[in-house]
Every structure is written in structure tokens, then in C-alpha cells.
Amino acid sequence: MVEPQLHRVTLANGLRVVLAPDSERGSSAQGGPPVVGVSVHYDVGFRSEPEGRTGFAHLFEHLMFQGSESLEKLEHFRHVQGSGGIFNGSTHQDYTDYFQVLPSNALERALFLEADRMRAPKITEENLRNQVDVVKEEIRLNVLNRPYGGFPWILLPPVLYSTFANAHNGYGDFTDLEQATVDDCAAFFDTFYAPGNAVLTIAGDIDVDHAIELVQKHFGDVPARPVTARPSFAEPFPSRELRDQHTDPHAPLPAIALGYRLPDPVSELDTYLANVVLAAVLSDGDASRLQQRMVYQDSLVVDVHAGAGLMGAPLDARDPDTFTVTAIHTPEVGSDRVVGAIDEELERIAADGPSADELARVTARWSAGLYREHDRLTSRTLDLGSAELIHGRAELISELPGRVQEITAQDVAAAAKALRPDARAVLEIEPASEENSDGGAV
Amino acid sequence: MTRATHRSAEEIGRTEFGPRPLPSLAEPRSGHEPATMDTVLDNGLRVIVARHGAVPMVELRMRIPFAGQDRMHPARAEVLAETLLTGTQRRSRVQMDTDLAAVGGDLHATVDPERLSIGGDALADGMSTLLDVLGDALTGAVYADDELAGERDRLVERIAVARSQPRMIAREELQKHRYGDHPFAREVPEAGDVGRVTAEEVRALHRQAVVPRGATLVLVGDIDPERAVDEIARSLSGWRSEASAYEMPALPTVQGGDVRLVHRDGAVQSQLRLSAQGLTRTDPRYPALQIANLAFGGYFSSRLVENIREDKGYTYGAHSAFEFTPGNGSILVDADTASEVTAAALLETRYELGRLGLVPPTESEVESARQYAIGGLLTSTSSQSGLASMLATLATSGLGQEWLTAHPDRLRAVTAEEVAEAAWFWAPTAFTGVIVGDAEKLSGPLRALGGVTVA
């Protein structure tokens, strides 16, 4: 397979553009599907939202769909979908992304839509109040009304981290959301949504030169605005084990989450990747260490998962980032036994490292997983954009299989050793009552 | 909030140049059809293979009709699916996972009232291994007593976790409400039944029902279709049975009627689930129905979403979708809403149901839905995994690649009159359903609204 050749331009207003045409993805892609992906990543996520405004970055993401100088409310959706396309946006720790995937004859329309809201979004009191209600429903759906809602991404950070930026709830408290004003939105837009703070990615069925012309035509006159330097969110590693408990009114079984600090994903990438391999050795597949030990051999847990990255995927944030291990277990098996088994397995890997077979297995699955993920145009476009934003190198996404292949057993052993019990967070989830286990439907 | 110097929202929302015109669409470029083989092996298995995509992977989807009338069938079938890939005469559970991992592969099995589904993927040059492990499980799964006991115990716990999910509770209640005692309503087995399943019962079920005749295998990827079909025939040559896979008995027609309120303790949000009778994919009216569905609630730019989300803020998401079973199709409408606005959301939903027939979709609504349906086929089948899933889904209705290829033209041919006709499928009287939520808060307003059975 030939890796896609990337092309880059930076506009005078500072907008960085990455282009990844299909025509250079290898011979079998000739005349590939006539589909194009367009994304814009803004360098602001929920870690950057102001104190007293938890959930603001995500709320603002909703408002970016609510009309602009050239488009009335609802028109953005109608134009994307009425061109045969799909769209969405999402808010992460360090970035907010917006994407469209459409038949390639709609490329110019997609660029127009993204440029128009980068230039002049229409933020009104009516739309703000409406989207506060919608976001509250989103939180009820995904957190408040659901067993294990927000576990662990909302519940674990306040145990592991001490600063507002790293510890607060990125979905937001209802009070904070309700107090958000139109002027807060204006300040947020002018601070963080400058073209120089964004990456535009175009992937799929495109002609590079023509696409660049269209980018110039639509984004060229978005005025440049100053970009504030992003502050460091660094904080010291914990100096002891930090513990907390949370009662979940809907959960039928207890659960536990361990959180550890990861190496800096940007400046210590290979050390970080050793943790990605470690996570796979621990919990990926029936033959993995924790599945074997905790699920099949000792029947300690119903489910166990280890992973690099707070939001469920590695390389999705800058420093500080989190390694998590989560498990759902029965009340008869106390949390100490669950944690004890995880510690023992980590110690074994720290002492002996994974076997050559384990490493080969993880590497092959990792490569295959990436191929598969990036075969989907939506994921390919978004991953190119976030790699360019966070690492300055969209190429990274095709280099990863090779880099992971070079991770050694010693690297993985060192990663396991660095996950120290005396520098981690332990969060226990307790069911509110026994009665919930029958589901409550009468 | 920190107040750096910034413009007001009004200043941000306008430029000197003013509003700009929307660019028109360029000429569409048509893609090329993937090279496909669609054939039936001499053991009765239908095989569909397509060469597609730009990554060196292969995607596998198998569907075996797997219905059963016995009260214990859902429990036995669930345990079978959980243990199918936990060891054969040739491979232990760990060996299966290890062999698959060596080719970047993965296989998993799930079951529902209609069928046993096996999905997987691997690097394209590991296709033989993927097929070998699959064939090994189909012909040689041993259902060892200890593996079975372990999975059975975990299933009991997992069922408890699944049944605590509001969407699962709502689905089960809707199934019972629509289909009563029909096997289709028994999607998740009772924990007690699972606890009674024996290894011998599961082995017997495998012998009777895990059979090739009536089943379908789809492979999509960077592979040569002819070679792949030969390879499949070789790998699965030992998989034989005189029996045919068990199709689910026909479903009764969904009858419109009252919505039933179901109480859930501690709920802060309600699940609104409505259903009416639809059509099969092969019905000549289906393309018009598809466009009417999109206009009603089948995508974001629909009447229902624009009303109850974007205008009123009652919900994060509202949807209208089809559910297909062999020889049947139904319409499902759903939204999750805060307890305080649940009755209002039901009222607005009923209003939109009535309006669809009385004020049918305009030319522009029809055009938008049409383009979305055509574009959606393009984007969803542009990846190997998307095409594999689509072909597997179509195969359950007896359809293949040629149906997919011809469908955009069917959508292009639909007229606004045909959509107006199809809109009557959404008549409020055609619907029934359930609302799961806090009955204490909901029963008053719902009783006042009417058309709701409040216990």
C-alpha cells in the first residue's frame, strides 16, 4: 500500500491547511469513491474553558451550528444534508472539531459553510437558551439518567488532578451552563476561534490544486486575529495514592477506575506509545493478561479495560494525559482484590516484560486497527487534523504502525513500572441500592 | 469569565462584505462498482465477495438465521454465541485469539431473535487464517464445560448491567407492547434461564442450527473475489448439514393504539418509543417511504428534529427509522426527553405525525431527503467495513450488490406525489408505543393528553 502524500498550505491569515488526496493512496484507490471529508480543528478544548463556566467549550460547539452571516438558523444542517452529506462536531480536552463528509461534487459548498462560520457566526440569545436546553438533555442522556454515566472521563479527573483545567467536568454543571451569556460566547469566539488557531483538513476524492484554489476563495478573506499562546496545563504527578468514591443511582454492580499519569504525548511520544502497547497487552483480546487473569481464570470482574487517553483513545490530548484501567465487578469481590490483581499483573510485566509473541500480536492488531480506522473517511480526516494540531505532523497517523513495531519488551516493562500505586487515583463506583439490579422496569 | 478585549456578538455576526451566496454543486462524479462475486456453495451457503477499498484489510460478516420457538431458546442461543469462539478440537480459546492476532484479526459472535451474526476482520494477507479459525469454530466448537460455566455466570451479570440501561428497558417494553409473546420480543434472555443452560444443550443447538443452508457469508476488502470464493469453499468444506437455518416466523402487523407508560425509579429523563407498520425493502413504494421517513425524522434536517430539538430544546436527539425483518418492515420513532417536557414532546411528535400526511413534504423537503439518501449510500459504502455491513444487511432480504447499485436511480425516480402518498404511513392512528420514565411526574400530564395507558 502506498501511503497518502500530504500537501500543506498556510494562508496569510494563519489558517493551516492539510490536503490528503485519494489519488495518492495506492493503485487500488484509482477511481475510488467520489466522497470528500472536510474538517476544521480549533485549538481549544474543555481544558481551556474559563473557571465558573464548566461545559462552555462544548456548549459553544453547539452554537457554531446555529447560523452565520450568510446562513439562517437550521440552514447549515440543510445545506450539508441536502448535498448528500453528513456532519458533526465534538469537544475534546485540547481541541474542538467540526467535520463534513459529502459527495465530492459538494466540496466547495462544504468549504463555504466552514468559512462562513469561522468568519461571522451569528450568536443570539434565543439560540443560546435553546442549545443550553439541548446540552442539558445530552447530559441527562449520557450521564444523569444512565448507569456508569461519565465513568470514567468525568469522574476520574477530579481525583487524579488538582487544577481546574484538568479536574473539572467538561460536560458542565447545569448552573454554569444556565449562567452562560451571549457576551461570554463573543469573548470565547474572539479568543479562540481565529483562523491562526485552526487546522483545515481536506481528504478523499480531490484535486489538490483545485482544492487549494477553493480554500483561498472562501477562507482567504477571513480576517487574521491575534492568537493567544496556549497556557501550560502541567501539574505535578501525585505524591501518594488518591482515593474517592462515587454513588451511582442507576448502576447494578460496583465498578472501579484507576488513573495514572502518562508521559508527555508530544515530547515523549515513543515512551507514550509504550503505554499504548502496554494497554493492549493488558486487556486487548481473550489472550491478554487482565482478561485471562481477571475474567477467565479468577472470575473477579465482569469486564475490564485498560487504555491510554482519558476519552477512550490514545494521542487525543497534549500533556497531561491519563492512563486508565476500569472494571465492573460483583459486590462479593471487593475492590481491593480487583486492584490487587491489576497491581500483580503490572508488577509481572514490569519485571519480565511481555513475551515476543505478545508484542507481535499487539503490533499486528494495532496496524490492522489503524488501517481499518483510516479506511473510514470520517476517521481519516479527523485523525489527520488532530495529529496536525497536536503534533504539528499529520504524517504521524501513517507512521504509527512502524513506530509501534519498534517498541521493545523493555520499553513496555518500563511503562508498567512507571504506573506506580503511590502516584495514582482510585475511584470506586457504588450502586445506590441492591434493588437496581432488576432493572427497575415494572 | 475573563474579559479580554473582544467584539460584541452583533459585531462578530456581520462583515463589511455582507452575506454571501451559497456555491452551487459541481457535476457529480460516479464511482466504479466493486468487482463482486455472489454465489451459493454446494453446502447451501450463499457467499458474496467484493474487492473494495484502499487498505490491505478484509472484512467478514456471517449471518445465520437462528430463530427458535422454545422458551429456553434465547438463553441457549446467547450462551452459544458467547462460547462459540472459546475453543475447538484444534485450538484452545487462547490459541484462537493468538492465531487471529498474528494476522491483525478479530472474530466475535452475537445473537438476536432472528440470527446468529459472526463479524471479523484481518489483514488481507491473513484471510486464510481468518477463514480457517471461522471454519474451525463452525465445525469443531467444543463448548468445554469450564468455558461454558464461566461465560454463563458472566452473562448473568452482564444481563443485569444491560437491563439497567434505559434504552434497553425501553426496547424490551416496546417489543412486548408491539409483539406480545412472539419470539421476536425476546431479545435478551432471562438471567434465570441462562443459569440453567447446559453444555450438552448448547452442543445440540449448534448441531441443529449452526448450518450453512440459508446462511450468508460476506467478505469485502483488498482481495481477489474469485480466489476468495475458492478459499472459502475450501475452508468451509467440512461445514455441512441437511437442515436449513431457522427463519423467524412472520411478525404480526403493528396495530396503532394507546402508548403505555412504564415506570422507572429515579428516572430524570423519559424514553419515548413509537412504532407503526412499514414496508419491506423490496416493495415498489419503499423508495418513497424512505424519503418520507427522512423528511419526518430520519435525519437532522427533518421536521421532528427541527421542532422538538432546534425549536423547543426538548431533546438531544429524535429519530425515525425502519426496522426490517424477513418479509416485514416497521417504523420506529424515538426521543429521550426530561421528565418535565415529556408530555409536551409527545404532543409535538403527534402533531408532526399528523402534519406529514396533511401537509406533505414540499419539493424542497423531498429534494433534500433524496440527495441525503443517495449521498448516504455513497459515504456509508465507501469503507470496506461499511460495504461489508451493508451487503450483509441486504442479503437478509435476499438482495445483493445489484440492488445497491440500482437504488440511487430508484430514489431519483420518486415523485412528490408518491412521497405524499407514503406520508400516510405516519398517520398518528397508525402508531402505538411506550414511554419509560418517572410515572409520578408523567402520569398527570399524559393522562390529560390522552391516548396513553397509565397504570
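The values are calculated or read from the model by the stated rules, or taken from the named source; none is laboratory data. These figures come from a predicted structure and were not determined experimentally. Backbone-built Cβ (ideal geometry, glycine too); neighbour counts: all protein chains shown. Heavy atoms of the whole protein, side chains included, go into the accessibility calculation; ligands, DNA and RNA do not. Shrake-Rupley method; radii C 1.70, N 1.55, O 1.52, S 1.80 Å.
When the residues of segment B:82-117 are filtered to those that are away from chain A (no Cβ under 14 Å) and of a type in the set (D, E, K, R), which remaining residue is surrounded by the most Cβ atoms within 10 Å (Cβ to Cβ)?
Top of the filtered list is B:ARG115.
Looking at segment A:103-130, which of its residues are within 7 Å of another protein chain (Cβ to nearest Cβ) and open to solvent by 30 Å² or more (accessible area, probe 1.4 Å)?
Answer for segment A:103-130, where residues must be within 7 Å of another protein chain (Cβ to nearest Cβ) and open to solvent by 30 Å² or more (accessible area, probe 1.4 Å): A:GLU108, A:ARG109, A:LYS122.
Output the number of residues of segment B:319-334 satisfying the condition of being surrounded by 19 or more Cβ atoms within 10 Å (Cβ to Cβ) and in contact with a Gly (Cβ under 7 Å, 6 or more places away or on another chain).
5
Specify which of the listed residues (A:PHE151, A:PHE99) is within 17 Å of the chain's Cα centre (by Cα), open to solvent by 10 Å² or more (accessible area, probe 1.4 Å), modelled with pLDDT of 95 or more and under 30 Å from B:ARG7 (Cβ atoms).
A:PHE99
Just to be sure, is A:ALA29 modelled with pLDDT of 95 or more and facing chain B (nearest Cβ under 10 Å)?
Considered against the rule, which asks whether it is modelled with pLDDT of 95 or more and facing chain B (nearest Cβ under 10 Å), A:ALA29 comes out as no.
Tell me yes or no: at least one residue of segment A:282-290 is within 19 Å of the chain's Cα centre (by Cα), at negative phi and away from chain B (no Cβ under 12 Å).
No, every residue in segment A:282-290 fails to be within 19 Å of the chain's Cα centre (by Cα), at negative phi and away from chain B (no Cβ under 12 Å).
Within segment A:54-74, work out how many residues are facing chain B (nearest Cβ under 10 Å) and aromatic (Phe, Trp, Tyr).
Of the residues in that region, 2 qualify.
Please identify the pairs in which a residue from segment B:6-25 that is part of a helix (DSSP H, G or I) has its Cβ atom under 6 Å from the Cβ atom of a residue that is at pLDDT 95 or above, counting only partners at least 6 apart or on another chain.
The qualifying pairs are B:ALA9/A:ILE123; B:ALA9/A:VAL182; B:ALA9/A:ALA186; B:ILE12/A:ALA186; B:ILE12/A:PHE189.
Taking A:ARG403 as meeting all but one of (1) within 11 Å of chain B (Cβ to nearest Cβ); (2) open to solvent by 40 Å² or more (accessible area, probe 1.4 Å); (3) under 23 Å from the mean Cα position of the chain (by Cα); (4) not polar (S, T, N, Q), write down the number of the exception.
(1)
If we only count helices (runs of 4 or more DSSP H) wholly inside segment A:161-212, which ones have 1 or more residues that are on the phi > 0 side of the Ramachandran plot and open to solvent by 40 Å² or more (accessible area, probe 1.4 Å)?
Helices (runs of 4 or more DSSP H) meeting the threshold: none at all.
Restricting the search to segment B:353-364, which residues are crowded, with 23+ Cβ neighbours inside 10 Å and in a helix (DSSP H, G or I)?
Within segment B:353-364, B:LEU353, B:LEU356 qualify.
Among the residues of segment A:324-339, are any of a type in the set (A, V, I, L, M, F, W, C), in contact with a Phe, Trp or Tyr (Cβ under 9 Å, 6 or more places away or on another chain) and more than 14 Å from chain B (Cβ to nearest Cβ)?
yes
Pairs under 6 Å by beta carbon, first residue open to solvent by 30 Å² or more (accessible area, probe 1.4 Å) in segment B:137-151, partner in a helix (DSSP H, G or I), six or more apart or different chains?
Cβ pairs passing all conditions: B:ASP145/B:ALA199; B:GLU147/B:THR83.
Specify which of the listed residues (B:LEU304, B:LEU289, B:LEU236) is buried (at least 21 other Cβ atoms within 10 Å of the Cβ), in contact with a Pro (Cβ under 8 Å, 6 or more places away or on another chain) and away from every other protein chain (no Cβ under 12 Å).
B:LEU236
Taking B:ALA345, is it open to solvent by less than 10 Å² (accessible area, probe 1.4 Å), assigned to a helix (DSSP H, G or I) and more than 8 Å from every other protein chain (Cβ to nearest Cβ)?
Against the criterion (open to solvent by less than 10 Å² (accessible area, probe 1.4 Å), assigned to a helix (DSSP H, G or I) and more than 8 Å from every other protein chain (Cβ to nearest Cβ)), B:ALA345 qualifies.
Would you check if there is a residue in segment A:427-441 being open to solvent by less than 30 Å² (accessible area, probe 1.4 Å), within 14 Å of chain B (Cβ to nearest Cβ) and at pLDDT below 95? Working first, answer last.
First, the residues of segment A:427-441 that are open to solvent by less than 30 Å² (accessible area, probe 1.4 Å): A:427, A:429, A:439-440.
Checking the rest, the ones that are also within 14 Å of chain B (Cβ to nearest Cβ) come to A:429, A:439-440.
Then drop every residue that is not at pLDDT below 95, which leaves A:439-440.
Yes, segment A:427-441 contains at least one residue that is open to solvent by less than 30 Å² (accessible area, probe 1.4 Å), within 14 Å of chain B (Cβ to nearest Cβ) and at pLDDT below 95.
Restricting to segment B:1-43, name every residue that is more than 39 Å from the chain's Cα centre (by Cα), charged (D, E, K, R) and at the interface with chain A (Cβ under 7 Å from one of its Cβ atoms).
B:ARG3, B:ARG7, B:ARG14, B:ARG20
I'd like the residue in segment B:176-199 that is more than 16 Å from B:GLU247 (Cα to Cα), in a helix (DSSP H, G or I) and in contact (Cβ under 8 Å) with a residue 40 or more places away in the chain and, out of all such residues, is most open to solvent (accessible area, probe 1.4 Å).
Checked segment B:176-199; the qualifying residue most open to solvent (accessible area, probe 1.4 Å) is B:ARG196.
With respect to B:TYR316, determine if the residue is within 22 Å of A:ARG129 (Cα to Cα), aromatic (Phe, Trp, Tyr) and crowded, with 20+ Cβ neighbours inside 10 Å.
For B:TYR316, the condition - within 22 Å of A:ARG129 (Cα to Cα), aromatic (Phe, Trp, Tyr) and crowded, with 20+ Cβ neighbours inside 10 Å - is met.
Of all residues being open to solvent by 20 Å² or more (accessible area, probe 1.4 Å) and hydrophobic (A, V, I, L, M, F, W, C) in segment A:238-268, which is farthest from B:LEU107 (Cα to Cα)? Just the residue, please.
Looking at the filtered set, the residue picked out is A:LEU242.
Yes/no per residue for (1) assigned to a loop (DSSP other than H, G, I, E, B); (2) in contact with a Lys or Arg (Cβ under 9 Å, 6 or more places away or on another chain); (3) closer than 22 Å to B:LYS176 by Cβ:
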| residue | (1), (2), (3) |
| --- | --- |
| B:GLU201 | no, yes, no |
| B:PRO212 | yes, yes, no |
| B:ARG234 | no, no, no |
| B:GLY238 | yes, no, no |
| B:ALA243 | yes, yes, no |
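Does segment B:65-81 contain at least one residue that is open to solvent by 60 Å² or more (accessible area, probe 1.4 Å), assigned to a loop (DSSP other than H, G, I, E, B) and at the interface with another protein chain (Cβ under 10 Å from one of its Cβ atoms)?
Step one: of segment B:65-81, the residues open to solvent by 60 Å² or more (accessible area, probe 1.4 Å) are B:69-71.
Now narrow it down to the ones that are assigned to a loop (DSSP other than H, G, I, E, B): B:69-71.
Filter again for at the interface with another protein chain (Cβ under 10 Å from one of its Cβ atoms), leaving none.
Checked against the condition, which is being open to solvent by 60 Å² or more (accessible area, probe 1.4 Å), assigned to a loop (DSSP other than H, G, I, E, B) and at the interface with another protein chain (Cβ under 10 Å from one of its Cβ atoms), segment B:65-81 yields no hits at all.
Which pairs turn up if I take residues in segment A:202-219 that are within 18 Å of A:HIS41 (Cα to Cα) and look for partners that are surrounded by fewer than 17 Cβ atoms within 10 Å (Cβ to Cβ) with beta carbon separation below 6 Å, at least 6 apart in sequence or on another chain?
From segment A:202-219, the pairs are A:ILE212/A:VAL9.
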